[in-house]
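In what follows, a single structure is set out as structure tokens and then discussed.
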Amino acid sequence: GSNAQQKKIWNETEEEKKERLAWWTNDRFGMFIHWGTYSLAGRHEWVKKKERIDNETYQKYFDNFNPDLYNPQEWAKLAKAAGMKYAVITTKHHEGFTLFDSKYTDYKITNTPYGKDAIKEWVEAFRAEGLKIGFYYSIIDWHHPDYTIDRVHPKSVGSQKEYDKLNKDRDMSVYREYLKNQVIEILTIYGKVDILWLDYSFPGEFGKGKDDWGSIELIKLVRKLQPEIIVNDRLDLKEYWGGWDFTTPEQFKIKEWPTHNGKRIPWETCQTFSGSWGYYRDEMTWKSNKQLLELLIESVSKGGNLLLNVGPTGRGVIDYRAEKALYQIGDWMKYNYRSIYGCTQAPSTFEIPDNGLLTYNPTTNRLYVHLLNYPLQNYTLKGMKGKIKYVQFLHDASEVKIASPKGHWIKQELGEGDVNLILPVNKPPVEIPV
Ligand code: JFZ
């Protein structure tokens, strides 16, 4: 067979894969949760690397980890209120600390003053709210004694010699086994897991890729343990069918639907409220509600999902700014969810209007026009004549009249196929602060 055929590591058809991902492509909106001992530092989840903190000094965050206000039911209720349908939590981030009770390390939550398995409680709470559950697991590990220290990371490029010395007693094959064992744990202890979010490969001269992680063996194991699971693309297996399910562009706006080998692929962008994934007390660049909503709408308008991140504090509470914004997003979702769930990019026969975004539900054949700025009195949909039967506002189902092109009082040049909508002068009061 073809090259791609030879590279198949498990025999799912394209149709079957589509089926397996159907709930996820339908649901569109999830909550990302970055929580670990770095939350106590309160200055970014990369603090250990950024400030070159050694294990001994970093230990204070472990010794003081005691989230007395941790109440995952509240988190789950918040996610649900925001209109999110799934959530992904860091079972272990790069710092190496596990929020679950692992047999393979002492560097775990059950050995902190908190003393309980936070993942167990989390899974129960999120499942109880009807949310799908996902596990983020960092394949990078800054704590494990056999993980070879990477030469290239922000602000710390040293000489090769220096790194050879640091790594002389480290053995990646031991770490590989550890990583595999922990992935087995998170995929067997907690029942069905809907998403696995592994993070991340950086193949290259100094980086780590599929051979370092044992990616092929690992993904086969994952598929065996959880046949329905949906996995991201950070194992460095992009060329392997079955090696990944969706791609994960980060903190930038997607220009268009991402492709691989010429085909549109499932994608999810993950985004932060402020400039950090982990709780960052002094970080002030918080996005506005309007910006956050646009991230969601824009993702769906290009066929993708949004995984919006919260970084709970060391006491186990979601920052009030994120909480407030999520409830307000929920207010919007309450009336507008129909333009998000089950929707995707509109067919190219529909031209994207000025200051607008289009989402489209292929099942109901409805087109949703998102006005990013409310225009004065009329709005032109170019090239849509004959393609639209009826127009209404989504929030209250009230009719939006289509101006008749002949004898229309608005003095405006209309193109042949253009449709002109007559809008109320005032934006209808929908009680959503943005
Ligand atoms: C990674 C982590 O380092 C970060 O702390 C956070 O967990 C985020 C979700 O994922 O950061 C990355 C990983 C990959 C890219 C960018 C940031 N990338 O491929 O562009």
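Mean separation of Cα pairs under 8 Å and 6 or more residues apart, divided by the residue count, gives segment 281-353 a relative contact order of 38 percent. Annotation: the antiparallel percentage among DSSP beta bridges lying fully within segment 170-324 is about 20.
Equivalent-ellipsoid semi-axes for segment 343-427 (Cα gyration tensor, √(5λ), whole Å, largest first): 20, 15, 12. Legend: ranking of residues 279, 114, 360, 147 from fewest to most surrounding C-beta atoms inside 10 Å; resulting order 114, 360, 147, 279.
The orientation-averaged projection of the convex hull spanning the C-alpha atoms of the chain amounts to 23.6 square nanometres. Summing Lys and Arg as +1 and Asp and Glu as -1 over all other residues whose Cβ lies under 10 Å from the Cβ of residue 384 gives a net charge of +1. Taking every DSSP helix (H) stretch of at least 4 residues in the chain, weighting each as -39,500 (n - 2.57) and dividing the sum by the residue count yields a mean residue ellipticity at 222 nm of -8000 deg cm²/dmol. In percent, rounded to a whole number, the relative contact order of the chain is 18, using alpha-carbon pairs under 8 Å and six or more apart. Relative contact order for segment 343-427: what is it in percent, counting Cα pairs under 8 Å that are at least 6 residues apart? Relative contact order here is 28 percent. Between segment 329-395 and segment 172-233, the alpha-carbon centres lie 39 Å apart.
Among 144, 93, a tally of other beta-carbon atoms within 10 Å of each Cβ gives an order, fewest to most, of 144, 93.
Here, each number is a calculation from the coordinates, and none is a lab measurement. These numbers come from a predicted model, not from an experiment. Backbone-built Cβ (ideal geometry, glycine too); neighbour counts: all protein chains shown.
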